[in-house]
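Working notes, structure below.
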Amino acid sequence: MKTQRLRDGTEMPSLGLGTWKSEPAEVYGAVRAALEVGYRHIDCAAIYQNEEEVGRALADAFGAGDAKREDVWITSKLWNDSHLPKDAKPAIESSLTKLGLEYLDLYLIHWPVALRPGTLLPSGPEDFIPLSEAPLESTWQAMIALRDQELTRQVGVSNFSKGQITRVREATGEAPSVNQVELHPYLQQAALLAACEQLDVAVTAYSPLGSPDSAAMLGRRDEVPLTKHPTIVSIAEAHGATPGQVLIAWALARGTSVIPKSVNPGRIAENWGALELSLTLADMTAIESLDRHQRMVEGKFWFIGETYSPETLWDEASL
């Protein structure tokens, strides 16, 4: 199995199953199918509101002998309403209870955004906690404490910029083990990848197929989905592969781990087949030309009032 080596020498499986947008009624079968195929990395989050079903699938898979707990890498994430240090431990304990686990392999700060306790998504500026009251540095220190209490083996972040990673590292003396961010050929983020490599932070790619199923939910119109782009289709045909396999293989070839989401057993198995696909230098060069810095998950749902903006969220002047 292909793995990604973390800073302390821990090996994290490079290909995992994402569970964002997986309905509770469907995610049980998806997790069971993934473990049966060979996946040993399941990516979860409290905000996905399906951890109980994931936990039931894990328990049944372990009971059936499909996999052993110690061989499966399980990630979850701290939601934005639990950034105050006192709220971090109850949050991870809630996820552990729902997942039926004694520990996580990786726990991430889901977004560098702080919300009032009990707020899932903000409806106005009053739902945010100013970063002066809930600085990322304090939240990160609380995450480290969770690891020291052996509630999780590793701690990291998600949707963090180079500047945000640098801030928490300088404040605590410890950088995150992993930064999980949106990565695909339309949003290649070469500068962020280079920065994370310099900071010795592993990178996990989410939405590796361009997240076509989130377009309606996020009010986005995709002109040419990545899986239908002529360059991707041509490379897939040349290798006797699918466009999805090409996109996953591209992410793996860049040295990132990758967590494609699916609830279709056939597609889950198909995605697993990407591990056998080797792209050529010409393939990689052709895909590199597709970069347009296009975010599918723009983060606009945080741009309410003056609390957050592209400058404060992504360290960018514009999206």
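Some points to look at:
- Pairs linking a residue in the stretch 191-214 that is surrounded by fewer than 18 Cβ atoms within 10 Å (Cβ to Cβ) to a residue that is not β-branched (Val, Ile, Thr), with Cβ atoms under 6 Å and 6 or more positions apart or on different chains, are Leu199/Ala175; Asp200/Arg7; Pro212/Pro225.
- Candidate set from the stretch 112-146 (those that are part of a loop (DSSP other than H, G, I, E, B) and within 20 Å of the chain's Cα centre (by Cα)); member that is surrounded by the most Cβ atoms within 10 Å (Cβ to Cβ): Pro112
- The condition of being buried (at least 20 other Cβ atoms within 10 Å of the Cβ), more than 18 Å from Leu17 (Cβ to Cβ) and in contact with a Gly (Cβ under 6 Å, 6 or more places away or on another chain) does not hold for Pro185.
- Unique match (being among the acidic types (Asp, Glu) and over 23 Å from Ala145 (Cβ atoms)) among Asp105, Asp71, Asp81, Asp87: Asp71
- As a summary of the residue check, Gly9 satisfies the conditions (1) part of a helix (DSSP H, G or I); (2) more than 26 Å from Ala269 (Cβ to Cβ) except for the one numbered (1).
- Meets criteria (within 30 Å of Pro122 (Cβ to Cβ), under 18 Å from the mean Cα position of the chain (by Cα) and not in a loop (DSSP other than H, G, I, E, B)) for Leu313: yes
- Search result, residues across the stretch 166-182 that are buried (at least 22 other Cβ atoms within 10 Å of the Cβ) and either of a type in the set (Lys, Arg) or farther than 20 Å from Ala251 by Cβ (or both): Val168
- The stretch 52-75, subset out of contact with any Gly (no Cβ under 9 Å at 6 or more places or on another chain) and charged (D, E, K, R), residue surrounded by the most Cβ atoms within 10 Å (Cβ to Cβ): Glu53
- Subset tally (residues that are of a type in the set (A, V, I, L, M, F, W, C) and under 12 Å from Ser76 (Cβ atoms)) for the stretch 21-57: 6
- Checking Ala33, Ala59, Ala64 one by one, the residue that is more than 30 Å from Ser132 (Cβ to Cβ) and without any contact (Cβ under 8 Å) to a residue 12 or more places away in the chain is Ala64 and no other.
Quick grid of which residues meet (1) within 25 Å of Glu36 (Cα to Cα); (2) under 22 Å from the mean Cα position of the chain (by Cα); (3) of a type outside the set (Val, Ile, Thr):
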site	(1), (2), (3)
Thr227	no, yes, no
Ile235	no, no, no
Gly273	yes, yes, yes
Met296	no, yes, yes
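None of the figures in this text is laboratory data; all of them are computed from the coordinates on show. These figures come from a predicted structure and were not determined experimentally. All Cβ positions, glycine included, derive from the backbone under ideal geometry; neighbour counts span all protein chains shown.
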